[in-house]
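So the structure is just underneath, and the comments pick up after that.
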Amino acid sequence: MVDFGNTLKSLRLQKNMTQAQLSQKLGLTKSVISAYETGLRLPSYDVLIHISKIFNVSTDYLLGVEQKQNVDFSGLTEDEISAILHLIKVMKRNRSGVT
């Protein structure tokens with residue numbers, strides 16, 4: 001499951017987290033995180049759920065079943081959320097060539 005490993009590594013790097021830091025949060029060794037990221041091992045269901053909570057994504061996203069990634073709006077004002085949603089809408093429109 002190389003997709004899982006790549007997704008995990010990408011999420012970890014986005015959070016500026018080391019393998020050691022993630023392993024500590026999960027109660028695992030750094031070598032287990034490395035094995036996940038290189039596709040040598042897959043996590044148990046419990047660990048998969050814990051990983052999804054740490055990165056605020058669905059287990060389907062981690063496993064490559066779902067391509068959507070959740071955005072955590074906590075701590076933002078309604079105006080800030082509105083601005084972000086507007087920006088996403090504009091970016092999607094620009095990608096599809098609609099002006």
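In table form, for the structure just shown:
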read-out: Residues located in region 1-11, provided they are under 21 Å from Val71 (Cα atoms) and either in a loop (DSSP other than H, G, I, E, B) or in contact (Cβ under 8 Å) with a residue 12 or more places away in the chain (or both); value: Asp3, Phe4, Gly5, Asn6, Thr7, Leu8, Lys9, Leu11
read-out: Qualifying positions in region 43-69 - surrounded by 12 or more Cβ atoms within 10 Å (Cβ to Cβ), within 15 Å of Lys15 (Cβ to Cβ) and not hydrophobic (A, V, I, L, M, F, W, C); value: His50, Ser52, Asn56, Tyr61, Gln69
read-out: Subset of region 13-42 (residues that are closer than 21 Å to Gly64 by Cβ, surrounded by 14 or more Cβ atoms within 10 Å (Cβ to Cβ) and without any contact (Cβ under 8 Å) to a residue 12 or more places away in the chain); value: Met17, Val32, Ala35, Arg41
read-out: Asp46, sole failed condition from (1) modelled with pLDDT under 90; (2) in a helix (DSSP H, G or I); value: (1)
read-out: Subset of region 36-75 [among the aliphatic types (A, V, I, L, M) and under 15 Å from the mean Cα position of the chain (by Cα)]; value: Val47, Leu48, Ile49, Ile51, Ile54, Val57, Leu62, Leu63, Val65, Val71
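Residue-by-condition table, conditions (1) polar (S, T, N, Q); (2) in contact with a His (Cβ under 7 Å, 6 or more places away or on another chain); (3) at pLDDT below 95; (4) not in a helix (DSSP H, G or I):
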residue	(1), (2), (3), (4)
Leu22	no, no, no, no
Ala35	no, no, no, no
Lys68	no, no, yes, yes
Arg93	no, no, yes, no
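The values are calculated or read from the model by the stated rules, or taken from the named source; none is laboratory data. Quick caveat, the model's predicted, so the values are computed rather than measured. As a convention, Cβ positions derive from the backbone with ideal geometry for all residues, glycine included, and neighbour counts pool all protein chains shown.
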